[in-house]
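Have a look at the structure below before the remarks.
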Amino acid sequence: MNYEFRQGRLCVEDVHLTSVAERCGTPTYVYSAGMIRERYREYADALAGLDSRVCYAVKANSNLAILNLLVREGAGFDIVSGGELFRVLRAGGDASKVVFSGVGKTAAEIRYALEQGVASFNCESIAEIDVLDQVAGEMKKKAQVALRVNPDVNPVTHEYISTGLRENKFGIDMSVVEKAYEYAATLQHVAMTGVSCHIGSQMLDSAPMVEAVQRLVALAKRLQAAGLPIAHLDLGGGLGVKYEANERTPSIGLALAALRKVVEGTGLAITVEPGRSIVAESGVLLTRVLYRKNNGGKEFTIVDAGMNDLIRPSLYKAFHEIVPVVQKDSREILTDIVGPVCESGDWLAKQRRLPLMESGDLLAVKTAGAYGFGMSSNYNSRGRAAEVLIDGSRFEVIRERENWDDLVRGERIP
Ligand code: LLP
């Protein structure tokens, strides 16, 4: 177990979270290296023997230490910006294992990616392929391209993170995608060798993914029949994780086995782009109780982490389990857990049953390893949290807490 209570205190691997708080202060993101490796290996094992690549979606958590840990596991990377490519290279990653996704790549980002030699581009519009063709032409290169298809499959998840439906901005509509391939095949500096999709995130059932992949395989076969050299499929990411104890998620192994069945025997190489399912459960946000108050009969527990540190509850009404770091037998109360930011929307949890917490007590916001730190901001001029990586009994600060000088860096008074 990577997270368990020992002598009544919550530990990450062999380190007590109380000692992390003592050494680094709060709020702090803490990650278990062992758990990240384990999840990555589940993907790698599930695809073993297939011509395949696991490209970790950098956006889920882009800290250099985490990217480096995955580099050492042999991972490839799915990026959506030049900045993410820069991070991958800084972390020791190999551009030839990188796939460049995203709906709005700039010409400058495309040039940088071509210079560095990324493996392929997932393109989302004809206009983008035209720019890619032009930039690659100027550089006398030929880019490997997959079109991101919008397979119109309902991923059954939150509307903000569902991406595969027709009305979303992502991908190219199935009804016109063959025409798009036909056009792109006439260009000199792009090689149309793949088909890609990503239908959504936090999917708790693999059925929509299987349906999307069936549509992808059928499309690849039609394109091959029309003479295109389609050789690889990119299935995107999207596998969900357990945020609530009673939530049911397919294991990585089972979900991948279902996808594997659809692609096996087609002769197509496959890429998957998991983000959340690799890092979410490895991380907690460690926070300290500042105050308790009762307003209009309602209990509020005010903590030192706010929506600027973890925006998922405010933005998606996302549920994160919150537990006391030191077990207490005090009476339980129903309380909202809120941050210090000046917004009513600044909450981490509503109406939670928790032992009565006092000022100074520590709480761990669980399943915060994905889209936690990466979506954090400096709102209310709050420095971003520190990040810590635990590996067995080893403890490393992998990002310093931001100080006030960091807050004003780059600003000028004219
Ligand atoms: N590939 C592409 C093209 C994507 O857009 C995404 C995520 C992934 C892969 C990785 O998906 P994952 O395995 O992590 O589900 N901020 C939201 C999640 C946004 C996901 C965006 N795309 C959240 O906090 O829930």
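The simple Förster model, with R0 at 41 Å and r as the Cβ-Cβ distance, assigns residue 96 and residue 342 a FRET efficiency of 0.30.
Think of it as helices only: each DSSP H run of n ≥ 4 in the chain is worth -39500 (n - 2.57), and spread over all residues that comes to -8500 deg cm²/dmol at 222 nm.
Sequence-ordered 3J(HN,Hα) estimates for region 49-58 from the Karplus curve with 6.51, -1.76 and 1.60 and θ = phi - 60° stand at x, 9, 6, 8, 9, 9, 9, 4, 7, 4 Hz, glycine and proline given as x. Per-residue 3J(HN,Hα) values for region 266-277, derived from phi via the Karplus relation 6.51 cos²θ - 1.76 cosθ + 1.60 with θ = phi - 60°, read 7, x, 8, 6, 10, 10, 10, 10, x, x, 3, 5 Hz in sequence order (x marks Gly and Pro). Extension gain for residue 331 to residue 22 (0.36 nm times residue separation, less C-alpha to C-alpha distance): 108.6 nm. Compute the long axis of helix 174-184 from its Cα atoms, compare it with the longest principal axis of the Cα atoms of the chain, and write down the angle in degrees, 0 to 90, nearest 10. With both axes taken from Cα atoms, the answer is about 60 degrees.
Sorted ascending by nearby beta carbons within 10 Å, beginning with the fewest, 94, 309 become 94, 309. Taken one residue at a time, the phi angles of region 240-257 give Karplus couplings (6.51, -1.76, 1.60, θ = phi - 60°) of x, 10, 7, 8, 10, 4, 8, 6, 10, 10, x, 5, 4, x, 5, 4, 5, 5 Hz. Gly and Pro are set to x. Using a cutoff of 8 angstrom between alpha carbon atoms and counting only pairs six or more residues apart, the relative contact order for the chain works out to 19 percent.
For residue 123, nonlocal amide neighbours, meaning residues 5 or more places apart or on other chains whose placed amide H falls under 5 Å from its own, are 146, 147, 148. Note on residue 140: lysines with a C-alpha under 27 Å away, same-chain residues under 8 apart excluded, are 97, 105, 179.
For region 102-272, the normalised intensity computed at q = 0.16 Å⁻¹ comes to -0.93 (log10 of I(q)/I(0), Debye sum over alpha carbons, equal scatterers, no solvent).
Pairs over the 30 Å Cα-Cα cut-off, from the set 59/293; 293/328; 59/350; 142/221; 141/221: 59/293.
Starting from the Cα of residue 50, step 7 Å along the direction of its Cβ; do the same at residue 5; then give the gap between the two resulting points in nm. About 4.0 nm separates the two model spin labels. For region 84-138, the C-alpha radius of gyration divided by 2.2 N^0.38 Å, with N the number of residues, is 1.08. Per residue, the Cα convex hull of the chain amounts to 155 Å³. Taking 0.36 nm per residue of separation and subtracting the current Cα-Cα distance, fully stretching the chain between residue 401 and residue 183 would add 73.5 nm.
Modelled spin-label separation between residue 221 and residue 244, with each label point placed 7 Å from Cα along the Cα-to-Cβ direction: 4.0 nm. Note on 222, 399, 394: ascending count of other Cβ atoms within 10 Å places them as 394, 222, 399, the fewest first. Peptides 200-213, 97-110, 371-384, 239-252 ranked from most to least packed, by the mean per-residue count of other Cβ atoms within 10 Å: 200-213, 97-110, 371-384, 239-252. In plain terms, the C-alpha convex hull of region 255-347 casts an average shadow of 9.3 nm² when viewed from every direction.
Under the convention that each Lys and Arg Cβ holds +1 and each Asp and Glu Cβ holds -1, the size of the dipole of the chain around its Cα centre is about 160 debye.
The numbers here are math on the coordinates, done by the rules we state, and not lab data. Owing to the predicted nature of the structure, the values given are computational and were not obtained by experimental measurement. Note: ideal-geometry Cβ built from the backbone for every residue, glycine included; neighbour counts use all protein chains shown.
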